[in-house]
Amino acid sequence: MNKTIKLAVAGAVLSAASIANAGIIIPAGDWTLDVNGNVNVYASMSKFDDTADVAGGLAGAKDGQEDNSQSIGTGLLPAWLGFTGTTRQNDLDVSFTISFQPNVSDNLIAGDVFAPLNRQAFLTFGDKSWGSVKMGKDLGIFGSQAILNDMTLLGVGAGADLSGTSTTLGGIGTGYIYPAWKGQVTYTTPNMNGLQAMVAITNPNQNALSDVRTAYQDRFGLEAQVTYDMSMGKVWVSGASYDFTDGAANNWDATVMDVGATINIGNAAITGYYYSGEGVGSTMLGGFGGVGDGGTDGAGVERDSDGGYIQATYVIPTGTKLGVAYGVSRLDLAGADAVGDSTVLDENNRWTVGAYHPLTKHLNLVAEYNAVEAKDHGGDRNESDHISLGAILFF
């Protein structure tokens with residue numbers, strides 16, 4: 001894959017990077033406006049081997065009549081339109097970023113049921129001599145490098161059977177925990193010969209997918225990351241700590257750390273990643289409160305979890321990047337969970353084989369095969385296979 005598309009990917013997902021990676025540049029008085037984003041569309045065909053869903057599983061199951069499903073939608077990245085303004089004032093680099101993510105598909109007959117996502121609204125200020133401060137909503141710090149280095153960022157990964165949705169799962173829940181989009185105040189150090197650190201207080205997100213306003217959180221979330229960029233790749237370590245309270249009056253600490261590296265050798269690249277946590281679940285940070293893949297049992301006792309992925313890619317003379325990856329996310333029993341409990345996830349794992357061809361410097365054609373397996377602690381399992389063909393255009 002060429003360098004332009006690599007930079008565009010990083011900019012679209014972590015738009016602190018997009019400030020430096022130009023899209024469409026418009027001078028506007030004291031400001032420079034960068035309009036950037038992507039449109040991606042995939043036709044996906046999925047086949048399911050089993051009739052019953054595993055609790056917390058990501059493989060999916062037959063619906064009672066059909067063992068296959070087709071969908072047209074986006075991949076791991078939603079379609080994206082972002083606006084970043086930058087200026088230099090009073091010896092400070094000042095910027096803002098606002099973005100929204102429209103849908104390329106819909107399940108309603110009229111085609112307009114899904115509302116756009118709104119993932120970013122933040123400001124930054126700083127100077128290369130002392131670093132920068134970001135305030136507002138953006139991608140979380142913990143787990144961000146895992147998703148940025150995942151080859152399915154240009155494709156689909158798991159979740160291809162979810163017809164009409166705004167995004168698939170990529171390697172989320174099958175190799176890493178979703179960083180999510182969080183209100184935050186983040187300090188980033190200057191780049192010290194490739195070494196850089198970030199530390200943040202974050203909005204203490206509720207332990208649910210819905211907006212739960214009845215549960216108070218008694219402290220901010222804490223997230224931090226250290227990265228080291230070198231000529232042949234990158235290494236990183238990050239962590240997060242939260243004190244969750246759920247709607248059932250349970251309280252628990254959620255802590256997690258990870259480590260990863262991407263090493264480039266000529267046209268080849270190898271990425272290795274591992275995370276381990278307590279009370280964080282297997283897919284979302286904190287899980288869903290004792291259900292399936294949650295970070296705790298029903299009484300708020302933390303479950304241990306860990307996982308990671310290994311990925312190898314190679315760019316052939318045509319410019320096509322070929323890749324293979326394996327990822328797994330595991331969840332242990334805890335507290336009131338019984339041995340052989342079929343209501344608690346054991347693991348989700350995924351094999352991915354992909355080809356990503358730069359048709360132009362901004363347009364990639366993508367072909368992916370994903371095999372997803374889910375297991376619970378009772379010995380039940382689901383398996384599914386997914387083929388996705390499509391394109392992703394960055395600007």
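The values are calculated or read from the model by the stated rules, or taken from the named source; none is laboratory data. The model shown is predicted, which means the values in this text are computed figures rather than measured ones. Note that each Cβ is placed from the backbone with ideal geometry, even for glycine, and that neighbours are counted across all protein chains shown.
Being within 21 Å of Lys375 (Cα to Cα), surrounded by fewer than 19 Cβ atoms within 10 Å (Cβ to Cβ) and aromatic (Phe, Trp, Tyr): is that true of Tyr314 here? Against the criterion (within 21 Å of Lys375 (Cα to Cα), surrounded by fewer than 19 Cβ atoms within 10 Å (Cβ to Cβ) and aromatic (Phe, Trp, Tyr)), Tyr314 does not qualify. Among the residues making up the range 220-275, those that are among the acidic types (Asp, Glu) and touching a residue at least 40 places away in the same chain (Cβ under 8 Å) are Glu223, Asp246, Asp253, Asp258. Which one is nearest to Asp229 (Cα to Cα), of the residues in the range 243-261 that are at pLDDT 85 or above and either charged (D, E, K, R) or outside any strand (DSSP E or B) (or both)? So, considering only residues that are at pLDDT 85 or above and either charged (D, E, K, R) or outside any strand (DSSP E or B) (or both), the one nearest to Asp229 (Cα to Cα) is Asp258.
To keep it simple, each residue is scored yes or no on (1) surrounded by 14 or more Cβ atoms within 10 Å (Cβ to Cβ); (2) of a type in the set (S, T, N, Q).
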| residue | (1), (2) |
| --- | --- |
| Ile25 | no, no |
| Gly29 | no, no |
| Leu33 | yes, no |
| Asn36 | yes, yes |
| Ser44 | yes, yes |
| Lys47 | yes, no |
| Asp50 | yes, no |
| Ile72 | yes, no |
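The residues of the range 112-130 that are hydroxyl-bearing (Ser, Thr, Tyr) and either out of contact with any strand residue (DSSP E or B) (no Cβ under 6 Å at 6 or more places or on another chain) or over 26 Å from Leu92 (Cα atoms) (or both) amount to a single one, Ser129.
Just the residues that are under 26 Å from Asn149 (Cβ atoms) and in a loop (DSSP other than H, G, I, E, B), please, taken from the range 297-320. Spell out the reasoning first.
Taking the range 297-320 and keeping what is under 26 Å from Asn149 (Cβ atoms), we get 304-320.
Within the range 297-320, Ile316, Pro317, Thr318, Gly319, Thr320 qualify.
Need pairs with beta-carbon distance below 7 Å; first residue touching a residue at least 60 places away in the same chain (Cβ under 8 Å) and within the range 126-138, second among the aromatic types (Phe, Trp, Tyr); sequence gap 6+ or separate chains. The qualifying pairs are Lys134/Phe122; Asp138/Phe122; Asp138/Trp181. Checking every residue in the range 79-97 against the condition of being in contact with a Pro (Cβ under 7 Å, 6 or more places away or on another chain) and not hydrophobic (A, V, I, L, M, F, W, C) gives zero matches.
Among residues of the range 157-168 being hydrophobic (A, V, I, L, M, F, W, C) and part of a loop (DSSP other than H, G, I, E, B), the one that is modelled with the lowest pLDDT is Leu162.
The strands (runs of 3 or more DSSP E) found wholly in the range 1-101 and carrying at least 3 residues that are under 30 Å from Ser129 (Cβ atoms) and modelled with pLDDT of 85 or more occupy 24-28, 31-48, 80-89, 92-101. For Gly136, the stated conditions hold: it is part of a strand (DSSP E or B) and either at pLDDT 95 or above or under 30 Å from Ala374 (Cβ atoms) (or both). Looking only at the range 336-395, filter to residues that are free of Cβ contacts under 8 Å to residues at least 40 places away in the same chain and β-branched (Val, Ile, Thr); which one of those is farthest from Gly279 (Cα to Cα)? In this case the residue turns out to be Thr360. Hey, any hits in the range 329-338 for a residue that's surrounded by fewer than 20 Cβ atoms within 10 Å (Cβ to Cβ), of a type in the set (D, E, K, R), within 19 Å of the chain's Cα centre (by Cα) and in a strand (DSSP E or B)? Yes - at least one qualifying residue is present in the range 329-338.
For the range 146-171, filtered to residues that are polar (S, T, N, Q) and touching a Leu at 6+ places or on another chain (Cβ under 9 Å), the residue that is nearest to Thr227 (Cα to Cα) is Thr152. For the range 204-229, the set of residues classified as at pLDDT below 95 and surrounded by fewer than 16 Cβ atoms within 10 Å (Cβ to Cβ) consists of Leu209, Ser210, Asp211, Val212, Arg213, Thr214, Tyr216, Asp218, Arg219, listed by residue number.
Among the residues of the range 140-156, write down those that are outside any loop (DSSP other than H, G, I, E, B) and within 27 Å of Asn203 (Cβ to Cβ). Of everything in the range 140-156, those that are outside any loop (DSSP other than H, G, I, E, B) and within 27 Å of Asn203 (Cβ to Cβ) turn out to be Ser144, Gln145, Ala146, Ile147, Leu148, Leu153.
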